[in-house]
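The values are calculated or read from the model by the stated rules, or taken from the named source; none is laboratory data. What you see is a predicted model, and the numbers here were worked out from it, not measured in a lab. Backbone-built Cβ (ideal geometry, glycine too); neighbour counts: all protein chains shown. Each accessible area value is taken on the protein alone, full model and side chains, heavy atoms only, with ligands, DNA and RNA left out. Shrake-Rupley method; radii C 1.70, N 1.55, O 1.52, S 1.80 Å.
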Amino acid sequence: MDMQQESTAKWLNEQGIVALPVEPDSKQCLLPGWQAFTIETAPVVNNGHNVGALLGTNSNDLVAVDIDWP
């Protein structure tokens with residue numbers, strides 16, 4: 001695993017945020033059933049994948065706001 005990926009995934013988990021493997025150049029998680037993962041059940045982010053964060057109740061009610069403005 002790339003040190004940047006490893007430290008990012010570890011930091012997210014320490015904050016109570018589920019880190020998930022995401023395909024490079026995509027926002028799609030690679031694993032079926034990813035919506036139900038928890039800190040305890042989420043897999044380790046593998047080498048070659050980006051790191052995504054699961055939002056919602058499984059990640060301490062984390063939300064993201066994406067505001068696009070012309």
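Here are the numbers:
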quantity	calculated
Equivalent ellipsoid semi-axes, the stretch 1-44, via Cα gyration tensor eigenvalues times 5, rooted, Å	16, 15, 8
Per residue, in Å², the accessible surface of the chain once ligands and nucleic acids are set aside, probe 1.4 Å	73
Carbon and sulfur %, accessible surface of the chain computed with the full protein complex present, 1.4 Å	54
Within the chain: Cβ-based charge dipole about Cα centre, in debye rounded to nearest 20 (Lys, Arg +1; Asp, Glu -1)	120
Amide H contacts of residue 22 (H built 1.01 Å from N, under 5 Å, at least 5 apart or other chain)	50, 51, 52
Pairwise label distance in nanometres, residue 69 with residue 35, each label 7 Å out on the Cα-Cβ vector	3.2
